[in-house]
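The values are calculated or read from the model by the stated rules, or taken from the named source; none is laboratory data. The structure presented is a predicted model; accordingly, all values stated were derived computationally and were not measured. No Cβ is skipped: glycine too gets one built from the backbone with ideal geometry, and neighbour counts run over all protein chains shown. Heads up: the accessible areas ignore ligands, DNA and RNA and are worked out on the full protein's heavy atoms, side chains in. Shrake-Rupley method; radii C 1.70, N 1.55, O 1.52, S 1.80 Å.
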Amino acid sequence: MKRAFVLDGRPVELVTAPDTRLLDALRGPLEATGPKPGCGIGRCGACLVLLDGAPVPSCLVLAARLDGAEVTTVDGLGEDGATILRALADAGAIQCGYCSAGMTVAIAGALRTVPRPGPDQVLELLAGQLCRCGGYEGLRRAVQSLFG
């Protein structure tokens, strides 16, 4: 079936089965490689995207949900995404880099959910993000630099 939605600010159409995962559609025919495959059960955050403004693991969203939706990957965050990535890098929160796209989307989503979050509140909102390298201290520093 054809699905029409907005991806990173541009309209797209995708022909796919309704049970195709958003992650597979993004990384396959849509060639959006920002979201990374991880656990496949929505627990690690590597594939996080914003779906209609809310952070969701793209491994748990089916194509049937995409009609008329707005999907934002790390590549669609613009200057906000670049600022967040710089803060993560400056704080040493990016080691292998595999989780950085999901972390960036999670932080951007936290800003949309709670416009002026405190550092502890942001860290709570990031609880679903798994860093395989253990860069959590760097993440805390990055969050403090961004939110004060």
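How do the pairs read when you match residues in the stretch 122-148 that are under 14 Å from Cys96 (Cα atoms) and in the same structural domain as Gly102 (by TED's automatic domain parsing) with residues anywhere that are in a helix (DSSP H, G or I) and at pLDDT 80 or above, using Cβ under 7 Å and keeping only pairs 6 or more apart or on different chains?
Cβ pairs passing all conditions: Cys131/Leu139; Leu139/Met103.
Report those strands (runs of 3 or more DSSP E) wholly inside the stretch 1-83 carrying at least 3 residues which are under 30 Å from Glu124 (Cα atoms) and open to solvent by less than 30 Å² (accessible area, probe 1.4 Å).
48-51
On the given criteria, is Ile84 in contact (Cβ under 8 Å) with a residue 60 or more places away in the chain, in the same structural domain as Leu125 (by TED's automatic domain parsing) and within 28 Å of Gln144 (Cα to Cα)?
yes
Could you check, for the stretch 17-25, whether at least one of its residues is under 22 Å from Ala110 (Cα atoms) and of a type outside the set (Phe, Trp, Tyr)?
Yes, some residue in the stretch 17-25 is under 22 Å from Ala110 (Cα atoms) and of a type outside the set (Phe, Trp, Tyr).
Pick out the one residue from Gly128, Gly102 that is touching a Lys or Arg at 6+ places or on another chain (Cβ under 8 Å), modelled with pLDDT under 85 and either hydroxyl-bearing (Ser, Thr, Tyr) or under 30 Å from Asp19 (Cβ atoms) (or both). Can you show your working first?
On the way: Gly102 fails: modelled with pLDDT under 85.
One residue alone meets the criteria, Gly128.
Cβ-Cβ under 7 Å, sequence separation 6+ or interchain: first residue in the stretch 40-61 and at positive phi, partner open to solvent by 30 Å² or more (accessible area, probe 1.4 Å) and among the hydrophobic types (A, V, I, L, M, F, W, C). Which pairs?
Gly42/Leu60; Gly45/Leu130
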